[in-house]
Each structure stands twice: as structure tokens, then as C-alpha cells.
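Novice: Just passing along the structure, written as C-alpha cells.
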Amino acid sequence: VDTSTISVLNFAAENGSPEALYILGRLYEKGIIYKKNIILATSYLLQAYRLGSYKAGELLNKVVQIEQNINTVKEKVNKNDPDAIYCWAALTALGINNNFANAQALELLKKAVEKNHIPSLIELGLIYYNGTFVEKNVSKSYELWEKAKSLGSKEAELRLILAQLNDNDLIERRTELFNRVKKISEEGSVFAQSILAYCYEKGLGVRENKALAVKYYRVASQRGNQSAYNSLKRIYNEIRPDDEQFKIYDLKLEN
């Protein structure tokens, strides 16, 4: 195997590419190139799914349906393995895993956060931001994402930016935040591309421009971002006539 290709793949994954994360998940799940590791496979698939990859979500559901895989993750959780803890907590938050109570999953995730485990920092931030089995705490989310960002996570930086773009107390920073998203999108981040589209659609930090919103939603959806695809479909449906023949219905996104 060309080591430069693997290096590029890992670099892309570290910078939040859902395509790269999905491929790594698949490789670890099948034991191709890397030694088979169901925990790392699940971790990469979860991260890809969190970044909007429909394909990763489909494979993730298949992986966690295998009892042996869940038992492997649980065994490592009991040994305080941070990757396993992240998988367990994220699956619990998504409603895919009901083997532990929510409170137990939360306490385990906090242990992984104490070890500066980046995916766990991002996940706990999402849990506080959305109020998933905890009281919503946006400032706590910011704190966790800032920590992950300081450790080099582009995804954490983008989640922080997206939350701040929607924060009415930070309106004066929107142009600055938009410019940062634009720069990251030019580096190839599909998550940044979908945020850029959202900014153009809503006029956050930039003049509202539906045409550019459609452009970036389309680019992100073509790369497998389900959220961008849903937004693109919504925009088209808003401008189409109400006649039945013009409506777009849910179809499985091809990746």
C-alpha cells in the first residue's frame, strides 16, 4: 500500500473529511490495511455520521447490530478505554445503544474528556448544546469545543463557529466567523461548505444570496452530507409551484 495515500487519508480525516472518516471506518471494520478493530471502526463511522454522512450511518447501523461488536465495545468501556467510551456514549446519545442508562453514559464520557479525547470533547459539547439527557448549557458546549479546538480539531472549531453564528449575543462577530468558515471551506471541509451555504441562505455575516446557498448545499450534498441535501431539497420545494408534479420527495442519497 502506498504510504503517502494512507497519510493523505489520515490527514483528511483529522481535518474533518466525512469521506476519509468513512473509508477508515470501513478499513478497520474489514481489517484491510489495518488490523481489524471494531472500536476504531465504530469511532470513525460515528464521526463521519456526525458530519452528515448518510453512508456512514447505514454501515454504523449494521455494525452495531452484531452482538459480538457491542460486547467488544462494552468490554473496553469497562477498562476505561476512551475510544470505546466515546462510541458507547455517542451511540447512547443517538438512541442506537440502550445497554447503559443515559446518566451512566454521560459519566463515562466525562472520564474520556478528562483524558483530552477529542471526539469525546466534541460529543459532550453536542450533548450540552442540544440538551440531550442533560440540561442545555451552551456556555459549557463552547468551553468543550474550545478545548478540542486547542488540541487541533477543525470539526470542533466549525461546531463552535456554527453555534456562535446563531448566537444573537455575538452578532458583531458574524462577518469574522463567516470569513473563517469560507477559508476552511476552501481547504475542502464538507462541513464548512454546508455552514457556508447556511450563512448565504440566512444572511449570517454576509449578504443573503440564495443562489450561492444552493451552490454550496449542492457541493456538500454531492459529497454525501445528508443535512446539506435536506436543506437543498427544502429550498427547491420552497420556490417550486405547489402542484404535485413539481414536488421533490425523499430519496436515498447516492454516495
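Novice: With a/c under 1.5 counting as rounded, go ahead and sort the stretch 1-117 into rounded, prolate or oblate using the C-alpha gyration tensor (a ≥ b ≥ c being the square roots of the eigenvalues; past the cut-off, prolate if a/b is larger than b/c, else oblate). Working shown, then result.
Specialist: Numbers: a/c = 1.71, a/b = 1.58, b/c = 1.08.
Judged from the Cα gyration tensor, the stretch 1-117 comes out prolate (a/c at least 1.5, a/b above b/c).
Novice: Here's something else I'd like to know. Normalising by the residue count of the chain, find the relative contact order in percent from Cα pairs under 8 Å and 6+ residues apart.
Specialist: Values: 343 pairs, mean separation 34.2, N = 255.
Taking the mean separation of contacting Cα pairs over the length of the chain, I get 13 percent.
Novice: Only Lys, Arg, Asp and Glu count, each charged at its Cβ (+1, +1, -1, -1), so figure out the dipole size of the stretch 112-235 about its Cα centre, rounded to 20 debye.
Specialist: Around 540 debye, computed over the stretch 112-235.
Novice: Okay, moving on. Return the lysines within reach of K149: Cα separation strictly under 17 angstrom, same-chain partners fewer than 8 residues apart disregarded; answer none if there are no such residues.
Specialist: Filter leaves K115, K140, K183.
Novice: Could you calculate the contour length gain from K136 to N230, that is, 0.36 nm times the residue separation minus the distance between their Cα atoms, to one decimal place in nm?
Specialist: Numbers: separation 94, 0.36 × 94 = 33.84 nm, distance 2.55 nm.
Separation in residues times 0.36 nm, less the Cα-Cα distance, equals 31.3 nm.
Novice: For S53, what residues show an amide H to amide H distance below 5 Å, using hydrogens built from the backbone and excluding near sequence neighbours?
Specialist: Excluding prolines and chain starts, which carry no amide H, the hits are Q226.
Novice: Moving on to the next point. Quick one: 3J(HN,Hα) in Hz for the stretch 165-177, Karplus 6.51/-1.76/1.60 with θ = phi - 60°, rounded, Gly and Pro as x.
Specialist: Along the stretch 165-177, the couplings run 4, 8, 8, 5, 7, 10, 4, 5, 9, 4, 5, 4, 5 Hz.
Novice: Hey, what do the phi angles of the stretch 144-158 turn into as Karplus ³J(HN,Hα) couplings, whole Hz, using 6.51/-1.76/1.60 and θ = phi - 60°, x for Gly and Pro?
Specialist: 5, 5, 4, 5, 5, 4, 5, 8, x, 8, 5, 4, 4, 4, 5
Novice: So which lysines can K36 reach, going by Cα to Cα under 18 Å and dropping same-chain residues fewer than 8 places off?
Specialist: Correct list for K36: K62, K74, K76.
Novice: Calculate I(q)/I(0) for the chain by the Debye formula, one identical point scatterer on each C-alpha and no solvent, and give its log10 at q = 0.12, 0.14, 0.15, 0.16 Å⁻¹ to two decimals.
Specialist: Listed by q, the Debye log ratios stand at -0.74, -1.00, -1.13, -1.25.
Each reported figure results from applying straightforward, stated rules to the coordinates on display, with no laboratory input. Since we're looking at a predicted model, the values are computed, not measured. In this analysis, Cβ positions are derived from the backbone assuming ideal geometry, glycine residues included, and neighbour counts consider all displayed protein chains.
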